[in-house]
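Participant: So that we are looking at the same thing, I have put the structure below in structure tokens.
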Amino acid sequence: MKLSKNTILITGGASGIGLALAKRFVTAGSEVIVCGRRKEKLEEAKRLIKGLHILKCDVASEEERKSLAEQVIRDFPTLNVLINNAGIQNLPPLLKEPQSWENHRQEIATNLEAPIHLSMLFIPQLLKQNTSTIINVSSGLAFLPLASMPTYCATKAAIHSFTLCLRHQLKSSPIQVIELIPPAVNTDLGGKGLHTYGVPLDEFADHAMKCIEQGELEFGYGSSEKGRLASREQANELFASMNP
Ligand SMILES: NC(=O)c1ccc[n+]([C@@H]2O[C@H](COP(=O)([O-])OP(=O)(O)OC[C@H]3O[C@@H](n4cnc5c(N)ncnc54)[C@H](OP(=O)(O)O)[C@@H]3O)[C@@H](O)[C@H]2O)c1
């Protein structure tokens, strides 16, 4: 897809991968709206990126998703790109006491329910445009799960599956469906300092923009590219080495 002259909504775009994409799309000449839960992060992003639009929204809430779609479609009638990026990563133990279903439920609501529901809410708007795009941000862990975060990995595997189906259903429409598959990237995902071992954010974001511009429909980087393309046998070996 072209990088300029789009109107783009990025969920969770006030930090990390979403913010890095927002910066690059604005620099390329697109109008960008980001949403998130923390007002101070949104305001910080607005100070950083001239012309950025910000909206406070918790995408884990069905009501807030509906209000977000109404407001964005009303105020930005040229919207032609939805980037389902917002995500959380908890490490809720499955086998230890005390159990917290709320941790699992929040992950499912944010990482899985939100992208599915937002896609449904925005498809009628995207169909009105000459060309439009939905970008779903999954994870290398969709292909090779880490046993310590079973629900997170399951939500990402489900988003991969959903994206394949959505792309197939929309194949005769003007909507292109892209899956962006990050490896571990140095962001605050899961809490500050937990992903410092990941690839530098700018390096990953530059790669992602290049793939988007070149029309790649599914792409990873480094370990997530390897995992995405692994044979069943290679995947079994990689799974064993990741989960000693
Ligand atoms: N970093 C990695 O290693 C990695 C690897 C694979 C995949 N990913 C995926 O990449 C995406 C972006 O993550 P990141 O690494 O950039 O982490 P991040 O810096 O923590 O960004 C996540 C963003 O999502 C927002 N968010 C979380 N829950 C939300 C909710 N309920 N409603 C609205 N916004 C919400 C957060 O803002 P608020 O807290 O203010 O709402 C934050 O801006 C996620 O889907 C993640 O799963 C990341």
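The values are calculated or read from the model by the stated rules, or taken from the named source; none is laboratory data. Predicted model, so just to flag it, every value in this text is computed and none were measured. Please note: Cβ atoms are built from the backbone with ideal geometry, for glycine as well, and neighbour counts cover all protein chains shown.
Participant: Can you tell me which residue within the range 36-52, out of those that are buried (at least 21 other Cβ atoms within 10 Å of the Cβ) and not in a loop (DSSP other than H, G, I, E, B), is nearest to the chain's Cα centre (by Cα)?
Facilitator: My answer is 36.
Participant: OK, next. Does at least one position in the range 229-244 carry a residue that is small (Gly, Ala, Ser) and buried (at least 17 other Cβ atoms within 10 Å of the Cβ)? Don't jump to the end; show me each part of the working.
Facilitator: First, pick out the residues of the range 229-244 that are small (Gly, Ala, Ser): 230-231, 235, 240-241.
Within this subset, residues satisfying the condition of being buried (at least 17 other Cβ atoms within 10 Å of the Cβ) are none.
Looking through the range 229-244, none of the residues is small (Gly, Ala, Ser) and buried (at least 17 other Cβ atoms within 10 Å of the Cβ).
Participant: If you scan the range 183-206, which residues turn out to be without any contact (Cβ under 8 Å) to a residue 12 or more places away in the chain and within 7 Å of the ligand (Cβ to nearest atom)?
Facilitator: If the condition is that a residue be without any contact (Cβ under 8 Å) to a residue 12 or more places away in the chain and within 7 Å of the ligand (Cβ to nearest atom), then 195 is the only one that fits.
Participant: Right, next: Step by step: first the residues of the range 67-100, then only those that are under 19 Å from residue 114 (Cβ atoms) and out of contact with any strand residue (DSSP E or B) (no Cβ under 8 Å at 6 or more places or on another chain), then the one that is modelled with the lowest pLDDT. Which residue is that?
Facilitator: Top of the filtered list is 92.
Participant: If a residue has to be part of a strand (DSSP E or B) and in contact (Cβ under 8 Å) with a residue 60 or more places away in the chain to count, how many in the range 116-134 make the cut? Give the derivation first.
Facilitator: Within the range 116-134, the first condition is being part of a strand (DSSP E or B), and the residues that meet it are 132-134.
Now restrict to residues that are in contact (Cβ under 8 Å) with a residue 60 or more places away in the chain: 133.
Final tally of qualifying residues: 1.
Participant: Condition first: outside any loop (DSSP other than H, G, I, E, B), over 15 Å from residue 64 (Cβ atoms) and touching a helix residue (DSSP H, G or I) at 6+ places or on another chain (Cβ under 7 Å). Now tell me which residues in the range 87-115 satisfy that. Outline the logic, then answer.
Facilitator: Initial filter on the range 87-115 (outside any loop (DSSP other than H, G, I, E, B)): 101-115.
Among the residues that remain, those that are also over 15 Å from residue 64 (Cβ atoms) are: 101-105, 107-108, 111-112.
Correct list: 104, 107, 108, 111, 112.
Participant: Also, quick follow-up: Would you please name the residue that is farthest from the chain's Cα centre (by Cα), looking only at residues in the range 1-35 that are on the phi > 0 side of the Ramachandran plot and within 13 Å of the ligand (Cβ to nearest atom)?
Facilitator: Per the criteria, the residue is 16.
Participant: A follow-up question, please. Under 7 Å between Cβ atoms, which residue pairs at least 6 apart in sequence (or on different chains) link something in the range 140-156 that is within 13 Å of residue 87 (Cα to Cα) and in contact (Cβ under 8 Å) with a residue 40 or more places away in the chain with a partner that is of a type in the set (Gly, Ala, Ser) and near the ligand (Cβ under 10 Å from one of its atoms)?
Facilitator: Close Cβ pairs (under 7 Å, with a partner that is of a type in the set (Gly, Ala, Ser) and near the ligand (Cβ under 10 Å from one of its atoms)) amount to 156/138; 156/139; 156/142.
Participant: Please specify each residue of the range 41-91 satisfying the condition of being within 23 Å of residue 178 (Cα to Cα), within 13 Å of the ligand (Cβ to nearest atom) and small (Gly, Ala, Ser).
Facilitator: 60, 86, 87
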